[in-house]
Amino acid sequence: MSTHLYLLRHGQTEWSESGRHTGRTDIELTPEGEQQARRAGATLARLRGTDQAPALVLTSPRQRATRTAALAGLEVSATTEDLAEWDYGDYEGITTPQIRERVAGWTVWSHPMPNGESHAEVQDRARKVLGEVRKILPGGDVVLVGHGHFSRVLIAAWLGLAPDQGVHFGLDPAGICQLGDERGDPQVRRLNVPAWEM
């Protein structure tokens, strides 16, 4: 495959900086997050190595994602709830240390989200997105602008791994991941490329 799938995580928000789980809450970028998004656009252009626009750009409908896409200079084809962040349910807006005061050893990868999405539900969304992406990729690159945990599940799904294996893939605010294949075998080409690299 000569075309690639690129994942761009939204830039920094006040909650991402403080470690608060941000699923449904529609929070804006910080000034630093806006700068990260602009730099990510330049980094993405260098990674792609072409002036040709991506065949498809999808974004989560949350403003932190749509604003990142705009600042990165991407022309969004559509927004979709399928790219929204994991629904953390009762854990929305609180940090892992706060959750661990109630549930010892808790992680998003190993424990359920009371009144939120299950691992299987998030994996199903990721697989649905990838099903659509694979239809478009023969015609050009695809860029997905979204969120940290969901994008990590999406990487795992690309590789045929279980959703909890997303723990092995880091993705910082405004980080970029490039997915492709090697003679038909799915591959992570680049992971967590920071906006200031290149």
Once Val167 and Lys135 are pulled to full extension, the length gained, defined as 0.36 nm per residue separation minus their Cα-Cα distance, is 8.8 nm
Under the 7 Å Cα-to-Cβ spin-label approximation, Ala55 and Val76 lie apart by a distance in nanometres of 2.2 nm
If each part is reduced to its alpha-carbon centroid, segment 62-76 and segment 81-122 end up apart, in Å, by 25 Å
Residue span Ala42 to Thr95: 0.36 nm per residue of separation minus Cα-Cα distance leaves a gain in nm of 15.9 nm
Simple spin-label estimate for Trp109/Ser18, 7 Å along Cα→Cβ, in nm, reads 2.6 nm
per DSSP, antiparallel bridges as share of beta bridges in the chain, % nearest 5, sits at 50 percent
So, relative contact order of the chain in percent, Cα under 8 Å, 6 or more apart, is 33 percent
Neighbours of Leu171 by Cβ distance under 10 Å: Lys/Arg at +1, Asp/Glu at -1, summed charge +1
If each K or R counts +1 and each D or E counts -1, the residues other than Val57 whose Cβ falls under 13 Å of its Cβ total -2
With Glu182 itself left out, Lys, Arg at +1 and Asp, Glu at -1 over residues whose Cβ is under 15 Å from its Cβ give +1
Full extension between Asp124 and Asn192 adds, at 0.36 nm per residue less the Cα distance, a length in nm of 22.2 nm
Rounded to the nearest 10 degrees, the helix 148-158 long axis (Cα) sits at an angle to the longest Cα principal axis of the chain of 60 degrees
Which residues qualify? For His21, with a placed amide H closer than 5 Å and at least 5 residues away or on another chain, they are Gly93, Ile94, Thr95
A correct Kirkwood calculation over the Cα atoms of the chain returns a hydrodynamic radius in Å of 16.7 Å
Carbon and sulfur atoms account, in whole percent of the 1.4 Å probe accessible area of segment 5-193, for 45 percent
The chain: longest segment with zero exposed trypsin sites (Lys or Arg not before Pro), where exposed means DSSP loop plus at most 15 other C-beta atoms within 10 Å, is residues 103-182
With x for Gly and Pro, the residue-by-residue ³J(HN,Hα) of segment 121-132, computed from phi through the Karplus equation 6.51 cos²θ - 1.76 cosθ + 1.60 at θ = phi - 60° and given in whole Hz, is 5, 5, 4, 4, 4, 4, 5, 4, 4, 5, x, 6
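The values are calculated or read from the model by the stated rules, or taken from the named source; none is laboratory data. Note that the structure is a prediction, hence the values are computed from the model and not measured. In this analysis, Cβ positions are derived from the backbone assuming ideal geometry, glycine residues included, and neighbour counts consider all displayed protein chains. These area figures cover heavy atoms from the full protein model, side chains too; ligands, DNA and RNA do not enter into them. Shrake-Rupley method; radii C 1.70, N 1.55, O 1.52, S 1.80 Å.
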